[in-house]
Amino acid sequence: MAKKPRVKLPKKAKAGDIVQVKTLAAHNMETGNRKDKKGAKIPRLILNKFTCTFNGADVFSADMHPSVSANPYISFFITAKESGTYEFTWTDDNGKVTTVSNDMAVS
Amino acid sequence: MSKNIQQMVRLDRREALKAAGVGVLALGFATTAHATPEAAAEALSKISGGAAASMSDKVTISLPEIAENGATVPVGVSVDSPMTADSYVKHIHVFAEGNPSPETISFNLTATGKAEVNTRIRLSKTQNVMVAAIMNDGSVLTSKKEVKVTIGGCGG
């Protein structure tokens, strides 16, 4: 990924609040079905795994297939319980991992 | 390409014969195999371990009725669940019945927030999108919605 993925997570939340997390990774998600001008297949290269952990514990993950759009957008909801660090990772077909960490303070 | 074939089916015999030449030509070019509803159901039973799936109005799919660009179709899934440690949605699987492969995206949830996810998917043609929610007790709830796709988005 050339660009860093974008994560939208509020910096502060009240305990018990349900918070929406929005993520957007920059990736062209090559399906492996397309052909180049010479008719040769363009090899598949997608982000196949997304995970979100909170202080090391699994919160949410997604397994992606070629039918996910380019620049995959994923949003989900979490309950704010305590302050800590949310870590987001994206893994591509070559095993390359991109990580983004965000802190959220819960009062 | 597949549009030609669909139209052909609707025509009467005489016109069908006239169109046959065109149809055969179209078939010759249709190299990308597409999944069927059966393939999607099979993919689901593989994932769920063969548990009986039932249609449920607890699963809501939000999708546009007409997607102008199949390369990026917003899809939202929400499941009516309290999301507590006793009762929560474990997985949400999205299948596109007419794509080259039906599996699209699978979400693995934990007992937090609410059971709602949003993403964007590719759809190669007008088709049904099937969603299956697997609860923590192992029950499988499904729902289906049709999307009309103007321009397909799977390459090929």
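The values are calculated or read from the model by the stated rules, or taken from the named source; none is laboratory data. No experiment lies behind these values; they were computed from the predicted model shown. Cβ coordinates were reconstructed from backbone atoms using ideal geometry, including for glycine residues, and neighbour counts include every protein chain displayed.
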Filter region B:36-58 for residues that are more than 15 Å from the chain's Cα centre (by Cα) and either surrounded by fewer than 11 Cβ atoms within 10 Å (Cβ to Cβ) or β-branched (Val, Ile, Thr) (or both) and give the result. B:46, B:47, B:49, B:50, B:52, B:54, B:57
Please enumerate the residues belonging to region A:79-96 that are part of a strand (DSSP E or B) and either more than 7 Å from chain B (Cβ to nearest Cβ) or of a type in the set (A, V, I, L, M, F, W, C) (or both). A:84, A:85, A:86, A:87, A:88, A:89, A:90, A:91, A:92
Which one of these does residue A:38 not meet: (1) part of a loop (DSSP other than H, G, I, E, B); (2) of a type in the set (D, E, K, R); (3) modelled with pLDDT of 95 or more? (3)
Being surrounded by fewer than 17 Cβ atoms within 10 Å (Cβ to Cβ), in contact with a Lys or Arg (Cβ under 6 Å, 6 or more places away or on another chain) and touching a residue at least 40 places away in the same chain (Cβ under 8 Å) is the filter here, so list the residues in region A:19-69 that pass it. A:22, A:24, A:26
Which condition does residue A:97 not pass, out of (1) within 20 Å of residue B:108 (Cβ to Cβ); (2) crowded, with 16+ Cβ neighbours inside 10 Å; (3) β-branched (Val, Ile, Thr), if it passes all the others? (2)
Of everything in region B:101-133, what is within 13 Å of another protein chain (Cβ to nearest Cβ) and in contact with a helix residue (DSSP H, G or I) (Cβ under 7 Å, 6 or more places away or on another chain)? Give them in sequence order. B:102, B:103, B:125, B:130
Can you give me the ranges of the strands (runs of 3 or more DSSP E) entirely in region B:39-142 with at least 3 residues that are touching a residue at least 12 places away in the same chain (Cβ under 8 Å) and under 27 Å from residue A:70 (Cβ atoms)? B:59-62, B:66-69, B:73-79, B:89-96, B:103-109, B:116-121, B:127-135
Does any residue of region A:59-78 turn out to be assigned to a strand (DSSP E or B) and more than 22 Å from residue A:20 (Cβ to Cβ)? no
Please specify each residue of region A:10-31 satisfying the condition of being on the phi < 0 side of the Ramachandran plot, within 16 Å of the chain's Cα centre (by Cα) and within 12 Å of another protein chain (Cβ to nearest Cβ). A:20, A:21, A:22, A:23, A:24, A:25, A:28
Region A:41-67, subset farther than 21 Å from residue B:76 by Cβ and among the β-branched types (Val, Ile, Thr), residue modelled with the lowest pLDDT: A:42
Working only within region A:79-98, note down all residues that are within 21 Å of residue A:12 (Cα to Cα) and either in contact (Cβ under 8 Å) with a residue 40 or more places away in the chain or touching a Ser or Thr at 6+ places or on another chain (Cβ under 9 Å) (or both). A:79, A:80, A:81, A:82, A:83, A:85, A:86, A:87, A:88
